[in-house]
Amino acid sequence: SKGGKILILPGDHVGPEVVTEALKVLDIIEKHTGARFERDFDLCGGCSLDKHKDSVTEAVLKKCEDIDAVFFGSAGGPEWGTSQPNPESGLLRIRARMQIFANMRPCKFASKSMVSRSPIKEEIIRGVDFMLIRENCGGAYYGKKIEEEDYGCDPWEYRRSEIERVVRVAGALAMQHDPHLPVWSADKANVLASSRVWRRITHEVFEKEFPKVTLKDQLADSLAMLLITKPTAFNGVIVTDNTFGDILSDEAGGLTGSLGLLPSASLAGPPASPGQKPTLGANNAGGVRGLYEPVHGSAPDISGKGLANPVAQVLSLAMMLRYSFNMHDEAEAVANVLDSKAEGGLEVRTGDLGGQADTREMSEAIQGEVGRLLMGR
Ligand code: NAD
Ligand code: IPM
Ligand code: MN
């Protein structure tokens with residue numbers, strides 16, 4: 001039977017607002033497909049600091065190890081500041097504990113009618129469609145930090161095993177979709193030793209394991225520039241380190257016109273093709289263990305006002321159905337929801353997309369449309 005166990009960590013500010021709405025979409029899927037999702041709610045972030053004086057408890061970390069998927073909102077806010085442990089450290093500890101080393105951040109328009117919302121000229125941005133894979137458990141984010149009054153240090157390290165496992169996900173994804181599209185690897189091999197090792201090992205892996213896929217290197221700074229001037233040149237897969245991937249994925253939000261549109265999936269192994277079993281990081285639901293969250297943060301500037309766009313969280317749900325639960329048709333229905341209605345796509349829009357709808361109204365429109373799509377199968 002379809003479904004499984006999910007741990008829901010709504011987090012702070014707009015996190016709970018958009019998670020609540022996305023879960024209503026999951027209700028619709030349960031209703032139409034008979035799938036069942038056992039839902040456990042808990043704390044991570046500022047909410048956990050307030051209750052437990054820590055950004056995530058050992059009990060929650062334990063749950064993360066024994067779950068099919070984690071559905072995450074966002075953690076952080078000015079009221080908690082940056083001194084350690086801050087809200088964000090909870091998320092970093094979960095990523096490390098689950099070893100979800102491949103953070104997949106797709107960039108494409110959820111609907112053709114949204115192309116005109118981009119700050120980039122339509123003829124340049126139309127058709128953009130890439131998957132950015134960000135290394136998620138290493139680099140400058142992890143390693144032994146030193147923080148003193150007058151000195152701070154974050155060693156930026158990569159080991160062979162860490163590089164191999166994430167670039168393999170890029171290769172596997174390219175093979176699943178379109179082996180003719182190149183895989184771009186973004187690094188700073190002209191400056192950083194860790195990047196030179198990254199580049200050498202990435203080429204070794206592709207020559208040995210993905211000889212049909214063209215691997216191209218691009219320095220991360222110039223890639224950031226080219227993403228704006230020639231975004232469609234990167235259609236396919238981009239694989240990169242933790243820090244570069246963090247920055248480039250917010251840039252991708254800028255390309256589409258709103259961070260409120262972009263989802264992400266952090267996986268413990270390569271996603272399996274429909275009908276296949278995952279080889280690494282498998283869960284009990286026939287998929288791969290993962291954490292699903294929007295690219296955006298807790299948006300404290302708009303929280304509590306019903307202004308948050310729920311689309312990024314809803315599209316993260318679609319990624320969860322696909323990768324952790326092998327529910328490809330249902331994932332497709334949710335992912336296409338904005339495109340599916342009449343000609344112009346779903347007309348209800350939140351403020352970030354130039355519309356008047358609030359979070360709940362946008363979500364209700366999505367729920368109605370997902371129900372219609374699943375009914376019509
Ligand atoms: P942010 O992504 O929260 O917000 C950036 C801008 O985008 C803001 O103007 C915000 O209003 C807008 N925005 C974001 N999500 C939106 C949505 N769904 N609908 C409409 N507009 C949206 O980035 P920030 O302001 O730099 O960070 C705020 C806090 O969130 C910080 O504490 C940061 O560390 C944290 N954060 C958490 C996560 C996470 O938990 N995964 C990710 C990023 C940032
Ligand atoms: C993201 C966020 C996180 C990151 C923070 C909140 C730890 O910016 O998921 O992109 O830097 O990875
Ligand atoms: Mn980020």
Could we say that I120 is assigned to a loop (DSSP other than H, G, I, E, B), within 16 Å of ligand 3 (Cβ to nearest atom) and touching a residue at least 60 places away in the same chain (Cβ under 8 Å) here? no
Select from the stretch 1-15 the residues that are farther than 16 Å from G34 by Cα and not hydrophobic (A, V, I, L, M, F, W, C) and list them in ascending order. P10, G11, D12, H13, G15
Considering only residues that are surrounded by fewer than 21 Cβ atoms within 10 Å (Cβ to Cβ) and more than 14 Å from ligand 1 (Cβ to nearest atom), which ones fall in the stretch 224-254? A224, M225, L226, I228, T229, K230, T232, A233, N235
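Of the residues in the stretch 206-231, how many are part of a helix (DSSP H, G or I) and among the hydroxyl-bearing types (S, T, Y)?
2
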Among the numbered criteria (1) in contact with a Leu (Cβ under 7 Å, 6 or more places away or on another chain); (2) within 19 Å of F109 (Cα to Cα); (3) more than 16 Å from ligand 3 (Cβ to nearest atom); (4) in contact (Cβ under 8 Å) with a residue 12 or more places away in the chain, which single criterion is violated by S249? (3)
Does G260 satisfy the criteria of being assigned to a helix (DSSP H, G or I), within 15 Å of the chain's Cα centre (by Cα) and surrounded by 18 or more Cβ atoms within 10 Å (Cβ to Cβ)? yes
If you scan the stretch 327-352, which residues turn out to be assigned to a helix (DSSP H, G or I), under 17 Å from Q313 (Cα atoms) and at pLDDT 90 or above? E330, A331, E332, A333, V334, A335, G351, D352
Please verify whether the stretch 268-290 includes one or more residues that are part of a strand (DSSP E or B), within 16 Å of ligand 2 (Cβ to nearest atom) and in contact with a Lys or Arg (Cβ under 6 Å, 6 or more places away or on another chain). no
Which one of the conditions (1) touching a Gly at 6+ places or on another chain (Cβ under 7 Å); (2) surrounded by fewer than 17 Cβ atoms within 10 Å (Cβ to Cβ); (3) assigned by TED's automatic domain parsing to the domain that holds P10 does S266 fail to meet, given that it meets all the rest? (2)
Residues that are at pLDDT below 95 and exposed (fewer than 14 other Cβ atoms within 10 Å of the Cβ), drawn from the stretch 178-207: D178, H180
I want to confirm something. Restricting to the stretch 27-54 and keeping residues that are touching a strand residue (DSSP E or B) at 6+ places or on another chain (Cβ under 6 Å) and buried (at least 20 other Cβ atoms within 10 Å of the Cβ), which single residue is nearest to S298 (Cα to Cα)? G45
Buried (at least 16 other Cβ atoms within 10 Å of the Cβ), assigned by TED's automatic domain parsing to the domain that holds I100, at pLDDT 95 or above and out of contact with any helix residue (DSSP H, G or I) (no Cβ under 7 Å at 6 or more places or on another chain): does that describe T57? no
Considering only the stretch 99-106, I want to know if a residue exists there that is modelled with pLDDT of 95 or more, part of a loop (DSSP other than H, G, I, E, B) and surrounded by 19 or more Cβ atoms within 10 Å (Cβ to Cβ). yes
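Residues checked against (1) surrounded by fewer than 18 Cβ atoms within 10 Å (Cβ to Cβ); (2) assigned by TED's automatic domain parsing to the domain that holds I29; (3) in a loop (DSSP other than H, G, I, E, B); (4) away from ligand 2 (no atom under 16 Å from the Cβ):
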site	(1), (2), (3), (4)
H296	no, yes, yes, no
V314	no, yes, no, yes
L321	no, yes, no, yes
G355	yes, yes, yes, yes
E361	yes, yes, no, yes
E369	no, yes, no, yes
Of all residues being touching a Phe, Trp or Tyr at 6+ places or on another chain (Cβ under 6 Å) and of a type in the set (V, I, T) in the stretch 133-186, which is nearest to L267 (Cα to Cα)? Just the residue, please. V166
Taking only pairs six or more apart or across chains, which ones have beta-carbon atoms under 7 Å, a first residue in the stretch 150-175 that is in a loop (DSSP other than H, G, I, E, B), and a second residue that is of a type in the set (D, E, K, R)? D154/K145; P155/K144
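The values are calculated or read from the model by the stated rules, or taken from the named source; none is laboratory data. Everything numeric here is computed off the predicted structure, so don't read it as measured data. Cβ atoms come from the backbone with ideal geometry, glycine included; neighbour counts cover every protein chain shown.
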